[in-house]
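Q: My structure is below; once you've seen it, I'll send some questions.
The values are calculated or read from the model by the stated rules, or taken from the named source; none is laboratory data. Because the structure is a prediction, the values reported are computed rather than measured. A quick note on method: Cβ atoms are made from the backbone with ideal geometry, for glycine too, and the neighbour counts reach across all protein chains shown. The protein model used for the area step is the full one, side chains on, heavy atoms only, and it has no ligands, DNA or RNA in it. Shrake-Rupley method; radii C 1.70, N 1.55, O 1.52, S 1.80 Å.
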Amino acid sequence: MKYTPVSPDVIALLEEVTPGRVVVGNAINPDYSRDEMPIYGTHQPEVAIDVHSTAEVSAIMKICHQNNIPVTTRGAGTGLVGGSVPIYGGVVICTAQMNQIISFDEEQFGVVTQPGVLLETLKSEALKRGLMYPPDPGQKLATIGGNVSTNAGGMRAIKYGTTKDYVRGMTVVLADGEVMHIGANVAKTSMGYNLVQLITGAEGTLGVITELVLKLIKAPKLEISVMAPFADLDTALLAVPKIFKSSFRPTALEFFERDILELSESYVGKKVWPREVQGAPVQAYLLMIFDGDDMEEIDPIIEKMADFLLDAGAMDVMVADTVTKINDIWSARSAFLDCIMDSYKLYDENDVVVPIHKISEFVAFFTQEAEQYDFEVRYLGHAGDGNLHIFGVSNTMEEEPFKAQIHLWMEAMYTKALEMGGELTGEHGIGSGKISYFEDYVSERVIGLHAAIKEAFDPKGILNPGKVVRGR
Amino acid sequence: MHILVCVKQVPYAQNIAIDPVTNTLVREGVESILNPFDGYALEAAARLKDANPAIEIHALSMGPPQAEAALRECLAMAADKGYLATDRAFAGSDTLATSYILSETIRYIEREQGISFALIFCGKQAIDGDTAQVGPQIAELLGMAQVTNGLVCELQDNKLFIWRETDEGKEQVAVELPCLATFTKPGFEPRLATVRRRTAARRAEISVIGAQELQESDFNRMGLKGSPTQVKRTFAPTLKAGGVVVDTAQDPAAVAHLAQLLVERHIISTVK
Amino acid sequence: MDNPSRDLWVFVETNQDGTARKVGLELLNPGRRLADQQGGKLVAVVLAEDTTLAVKAVLPLGADTVMTITGAPYRQFNTEVYTAALCYLLQKYQPQTFLLGATSNGRELAPRISSRLQTGLTADCTQLHLDESGLVAWTRPAFGGNIMAEILCPKHRPQMGTVRPGVFKLPAVTAKRGEVIAESFPFDLPLNKLQVVQVINEVSSLVDLEGAEIIVAGGRGVGSAQGFQVLRTFAETIGAEIGASRGAVDAGWIPHAHQVGQTGKSVSPRLYIACGISGAAQHLAGIGSAEIVLAINQDPNAMIFKIADYGIVGDLFEVLPLLAQELRSRLGSASSETTQYHV
């Protein structure tokens, strides 16, 4: 890939587009060289620009396109696969300052928003209007543009789906600067190829998203959390497919083992979850959410659920229905990722998806595989959809041997997951971090189709090069 | 053995805002919760009951009718019976009047059920009033020994052995029964409600105690009439105005400049 | 109380060795001001096994009278005994106003006394003055420090209030010396229903946060118990005490004895350095009397920056060692060793 270094002339041209906001070289905020997984590499851009409008992005793309300069788009930089790292230098366009929600459509249940709006802002603003943006990835400080670019998932996927189910339209700036408006805030569409869904999850490699039209739903008035402690993980996991076969429709269904809970609760500083039930130690937990419009609606469901779980081997069934209790039990769950990142020097992870009735087998597989290595394993999962977050962590190893061992472990896991009928990644994407696995595990034909699509959108290969699909 | 736990329903502190016009708290849209310190008191009682299932836990709250929700939460967690002391005659009570009403209610419950409370547990303070006065005042009115800032406790030889927080650390004391103990945050949170208990709690009967039940008591010691203190006014705290903020990412010499300032202005004069 | 005087009483709490706890001495400061405004005397009351040391500390600080009760039963603080003795004195002498320090003992004692005497008590006051009607106006924080309330006790006497250590500075020494009145409790003292079984001090050296001139405090941003070692090393360099926010204490990184804030200690240092502390109202309520606040936090939007006199947006683990170095180079350190900052 031959790109042209950014010259003073180009900087001058960029300055005309965004005066005072063209930051060069060492003056660039070091955060712009990395995301949340520095193990996949960091790289400083030559230029960084905090953009404010579609017009600015369009003008910048024209200049970069003409001058053969790579462009990487960045929101809050919370990605987990190196997606926003400018590995070929060039220009980083940061959309974080495009953080306005443009309008809510309370009749059509929609919202038009700029890409830099934080997920938590979008959710809370929607709630104020009795509306809900359901996708609920753990990282609430990510931008919605980033969420759409990675088709972010989250724990409410089993009832409400993922980000792609809520993207109805967008404004995209293409590689040559042309501005494209696609989609509309309507429930059905059959108009040609679904470009909106193609760009959703494309990790900034097909265009730069500068505006989004998203679907919302009516917010349920109440949410209750139900949790069940189990004496062992297998019993807990065996209950999961049964839950779906019965008529229960939880909004979320998570599982985790005792050791990650201990780590997380000591990080948060609050011990809320039971460690034993009537003297017997708890080793695993299921955590569920049920929502509805009033207690009369939810209560009978919870009671039936409790009976069901006890029959399935739960040691007891607890409920959190007040704001403080709900916050308390979820704060440990929400802190899992942060506490792993803060507690370990080296960490790498994957987020494979396996069929839910195979979770137990898969957990046994990767824990056993890891025994031959020097790192430790920490994991949790969305039991409801089989999407696991599996970390290899270490405070004692050196970086190179760690990466080497992790690589072997990841390969074993990906092979197994695909064998079982799963996927390599449920939510985090490919970025640069997972690109070699993607190429190894997917057919040549599929890779070829990816390359062809990339070529169609970005023949010069300047949009986030080195991510998802390698250039020529 | 019977334990009485005094609880209060309070506004959820995270959302507190002050109305700039009236200089009082904005109450709309603020959720009500069980006072967290009362949760610790209930948990302490629950643990005594875990060790001795014959113990009965009674939860009592003085408040408006919606305080019933806090009592049901206590039933769902560990309490066996719930009582709500509510009446317009009680409104406007300061801590002394509140303590009087609660003590009279406690006496009423004891008479009515033919029991006596060996232990009265309270949270150390309510997160709205923040006074930490009601517990000790009730102990005085009922003529009981008191222990404050309790963390964990157990019963032994008809005494309460309780670890409490002190200014310097912790100490364990042994108190003769009957006694009153107030609790602060220990190293664990109150237990979660089980679904079974919650279902039962939603259907349980909460005894309501009002002026009618307390006819023998002195109404001059209740409500506004019975309150020696009154609030003259409330206002937003005046915070210091912020000063100079520098960002090390933007100014690598920031720390050096700060050191210079601190030395020049004699804020720090010696180093080891 | 049928005929209260215009006098103001201050309870000067003592340690087991008979030395006066600082807070009682601090209260002689507003005590003098209010007693003068009320037109009465300032009386300090001391209960101890041997009151000599406490009386000596109190006399130069402006009290007109020091009232003492001496004896073995008063060696160790005991709510029942102290309540009985003080209520006896208060009923005998009928002061207008009674101030106590809001120490852990004070907060046991004051409500008990106010309940026995059926009078009004206002806890944790941060300001005291006489209002236009001549009543004491007790100002205190409520709702975790989010709102301030001014309380009056119009009819019941004595008007009572507790004040946290460090809210007021010690009064200046005066040449005038008051009189000492040795009193005694004429009845049988109540039986002690409470025995101390074990004591654990979590503060290794004699930490006096409330009297400290410089405090280095850590919050959630410190990240771990080991992280506090960096703060300790820095504190040693500049001669500071270590404090902590509730978040750091709750996380188990440092004992509760170091906690500053609404449910911890109130401090009034010359310099308060808040490291990795976001600045929640409950914490700010404890540092209101700090002269200068320096905040170090990675989050430029942290609340603490709104009230800090100096703020640095940065990583405390980098800033503190660097600051120590910069200070040393300007103030000339005698030490030739480089300080190791281990995390």
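Q: Name the residues in the stretch C:239-252 that are surrounded by fewer than 24 Cβ atoms within 10 Å (Cβ to Cβ) and under 23 Å from C:Ile312 (Cα atoms), would you?
A: The answer is C:Gly239, C:Ala240, C:Glu241, C:Ile242, C:Arg246, C:Gly247.
Q: Within the stretch B:127-149, can you find the residues that are buried (at least 24 other Cβ atoms within 10 Å of the Cβ) and of a type in the set (Gly, Ala, Ser)?
A: Passing the criteria: B:Ala132, B:Gly135, B:Ala139.
Q: I would also like to ask the following. Looking at the structure I just gave you, is B:Gly243 open to solvent by 30 Å² or more (accessible area, probe 1.4 Å) and either within 14 Å of chain C (Cβ to nearest Cβ) or over 30 Å from A:Ile224 (Cβ atoms) (or both)?
A: So B:Gly243 passes the test.
Q: Please verify whether the stretch A:316-323 includes one or more residues that are surrounded by fewer than 19 Cβ atoms within 10 Å (Cβ to Cβ) and within 14 Å of another protein chain (Cβ to nearest Cβ).
A: Scanning the stretch A:316-323 turns up at least one residue that is surrounded by fewer than 19 Cβ atoms within 10 Å (Cβ to Cβ) and within 14 Å of another protein chain (Cβ to nearest Cβ).
Q: If you check C:Pro300, C:Pro255, which single one turns out to be within 8 Å of another protein chain (Cβ to nearest Cβ), surrounded by fewer than 24 Cβ atoms within 10 Å (Cβ to Cβ) and under 20 Å from A:Gly269 (Cβ atoms)?
A: C:Pro255
Q: Contact list please: Cβ distance under 6 Å, first residue in the stretch C:78-91 and more than 16 Å from C:Asn192 (Cα to Cα), second residue open to solvent by 10 Å² or more (accessible area, probe 1.4 Å), pairs at least six apart or on different chains.
A: C:Cys87/C:Arg116; C:Tyr88/C:Phe185
Q: Which one of A:Leu263, A:Leu310, A:Leu287 is within 27 Å of A:Ile217 (Cα to Cα) and not charged (D, E, K, R)?
A: Unique residue meeting the criteria: A:Leu287.
Q: Looking at the stretch C:139-152, is at least one residue within 20 Å of the chain's Cα centre (by Cα) and either basic (Lys, Arg) or more than 10 Å from every other protein chain (Cβ to nearest Cβ) (or both)?
A: Yes, the stretch C:139-152 contains a residue that is within 20 Å of the chain's Cα centre (by Cα) and either basic (Lys, Arg) or more than 10 Å from every other protein chain (Cβ to nearest Cβ) (or both).
Okay, residues lined up against (1) under 30 Å from C:Gln198 (Cβ atoms); (2) more than 7 Å from every other protein chain (Cβ to nearest Cβ); (3) modelled with pLDDT of 95 or more:
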site	(1), (2), (3)
B:Glu104	no, yes, yes
B:Phe117	yes, yes, yes
B:Gly123	yes, yes, yes
B:Glu140	yes, no, yes
B:Asp157	yes, yes, no
B:Ala174	yes, no, yes
B:Ala181	yes, yes, yes
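Q: Confirm whether A:Asp348 is of a type in the set (D, E, K, R), part of a helix (DSSP H, G or I), open to solvent by 10 Å² or more (accessible area, probe 1.4 Å) and over 25 Å from A:Phe244 (Cβ atoms).
A: The answer is no for A:Asp348.
Q: For the subset of the stretch C:7-25 comprising residues that are among the charged types (D, E, K, R) and modelled with pLDDT under 95, which member is most open to solvent (accessible area, probe 1.4 Å)?
A: Among those that are among the charged types (D, E, K, R) and modelled with pLDDT under 95, it is C:Asp17.
Q: Starting from residues that are surrounded by fewer than 24 Cβ atoms within 10 Å (Cβ to Cβ) and in contact with a strand residue (DSSP E or B) (Cβ under 8 Å, 6 or more places away or on another chain), keep the ones in the stretch C:280-292 and report whichever is nearest to the other protein chains (Cβ to nearest Cβ).
A: Step by step, filter the stretch C:280-292, then rank; the result is C:Ile292.
Q: Quick one: C:Gly252 ticks every box in (1) within 21 Å of the chain's Cα centre (by Cα); (2) on the phi > 0 side of the Ramachandran plot bar one, so which box is it?
A: The single condition C:Gly252 does not satisfy is (1).
Q: Out of the residues in the stretch C:71-89 meeting the condition of being modelled with pLDDT of 95 or more and more than 14 Å from chain B (Cβ to nearest Cβ), tell me which one is farthest from B:Gly143 (Cα to Cα).
A: Among residues in the stretch C:71-89 that are modelled with pLDDT of 95 or more and more than 14 Å from chain B (Cβ to nearest Cβ), the one farthest from B:Gly143 (Cα to Cα) is C:Leu89.
Q: Would you be able to say whether some residue in the stretch C:202-219 is among the acidic types (Asp, Glu), under 30 Å from B:Pro178 (Cβ atoms) and part of a loop (DSSP other than H, G, I, E, B)?
A: no
Q: Filter the stretch B:208-233 down to the residues that are crowded, with 17+ Cβ neighbours inside 10 Å and outside any loop (DSSP other than H, G, I, E, B) and list them by number.
A: Answer for the stretch B:208-233, where residues must be crowded, with 17+ Cβ neighbours inside 10 Å and outside any loop (DSSP other than H, G, I, E, B): B:Ile209, B:Arg221.
Q: So in the stretch C:183-207, with the set limited to residues that are touching a helix residue (DSSP H, G or I) at 6+ places or on another chain (Cβ under 9 Å) and without any contact (Cβ under 8 Å) to a residue 60 or more places away in the chain, which one is nearest to C:Ser289 (Cα to Cα)?
A: The extreme case among them is C:Val207.
Q: Go through B:Gly143, B:Gly150 for me and flag whichever is outside any helix (DSSP H, G or I), touching a residue at least 60 places away in the same chain (Cβ under 8 Å) and not acidic (Asp, Glu).
A: B:Gly150
Q: Out of B:Pro186, B:Pro252, B:Pro237, B:Pro190, which single residue is in a loop (DSSP other than H, G, I, E, B), facing chain C (nearest Cβ under 9 Å) and more than 21 Å from B:Thr105 (Cα to Cα)?
A: On the way: B:Pro186 fails: facing chain C (nearest Cβ under 9 Å); B:Pro252 fails: facing chain C (nearest Cβ under 9 Å); B:Pro190 fails: facing chain C (nearest Cβ under 9 Å).
Every option except B:Pro237 fails the conditions.
Q: Further, regarding this structure: I need the strands (runs of 3 or more DSSP E) fully contained in the stretch A:1-92, keeping only those with at least 2 residues that are in contact (Cβ under 8 Å) with a residue 60 or more places away in the chain and either open to solvent by 60 Å² or more (accessible area, probe 1.4 Å) or under 19 Å from A:Val208 (Cβ atoms) (or both).
A: Details: elements: A:22-24, A:47-50, A:71-74.
Per the criteria, A:71-74.
Q: Return the total of residues in the stretch A:325-343 being hydroxyl-bearing (Ser, Thr, Tyr) and crowded, with 19+ Cβ neighbours inside 10 Å.
A: 0
Q: Here's another thing I want to ask about it. hydroxyl-bearing (Ser, Thr, Tyr) and out of contact with any Leu (no Cβ under 8 Å at 6 or more places or on another chain): does that describe B:Thr194? Break it down stepwise before answering.
A: Values: hydroxyl-bearing (Ser, Thr, Tyr): yes; out of contact with any Leu (no Cβ under 8 Å at 6 or more places or on another chain): yes.
In short, yes.
Q: Report yes if some residue within the stretch A:174-182 is among the charged types (D, E, K, R) and modelled with pLDDT under 95; otherwise report no.
A: No, because not a single residue in the stretch A:174-182 is among the charged types (D, E, K, R) and modelled with pLDDT under 95.
Q: Among the residues of the stretch C:103-123, count how many are touching a residue at least 60 places away in the same chain (Cβ under 8 Å), under 17 Å from the mean Cα position of the chain (by Cα) and within 9 Å of another protein chain (Cβ to nearest Cβ).
A: 3
Table: residues versus (1) among the aromatic types (Phe, Trp, Tyr); (2) touching a helix residue (DSSP H, G or I) at 6+ places or on another chain (Cβ under 6 Å); (3) more than 14 Å from A:Ile224 (Cα to Cα); (4) in a loop (DSSP other than H, G, I, E, B).
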position: A:Ser264; (1), (2), (3), (4): no, yes, yes, no
position: A:Tyr267; (1), (2), (3), (4): yes, yes, yes, no
position: A:Lys270; (1), (2), (3), (4): no, no, yes, yes
position: A:Pro274; (1), (2), (3), (4): no, no, yes, yes
position: A:Tyr285; (1), (2), (3), (4): yes, no, yes, no
position: A:Asp291; (1), (2), (3), (4): no, no, no, no
position: A:Glu296; (1), (2), (3), (4): no, no, no, no
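Q: Could you list, in sequence order, the residues of the stretch A:86-112 that are in contact with a Lys or Arg (Cβ under 9 Å, 6 or more places away or on another chain) and within 16 Å of A:Lys128 (Cβ to Cβ)?
A: A:Phe104, A:Glu106, A:Phe109, A:Gly110, A:Val111
Q: Is it the case that C:Arg270 is more than 14 Å from chain A (Cβ to nearest Cβ), more than 25 Å from B:Lys124 (Cβ to Cβ) and either touching a residue at least 24 places away in the same chain (Cβ under 8 Å) or open to solvent by less than 10 Å² (accessible area, probe 1.4 Å) (or both)?
A: On the way: more than 14 Å from chain A (Cβ to nearest Cβ): yes; more than 25 Å from B:Lys124 (Cβ to Cβ): yes; either touching a residue at least 24 places away in the same chain (Cβ under 8 Å) or open to solvent by less than 10 Å² (accessible area, probe 1.4 Å) (or both): yes.
So C:Arg270 fits the description; yes.
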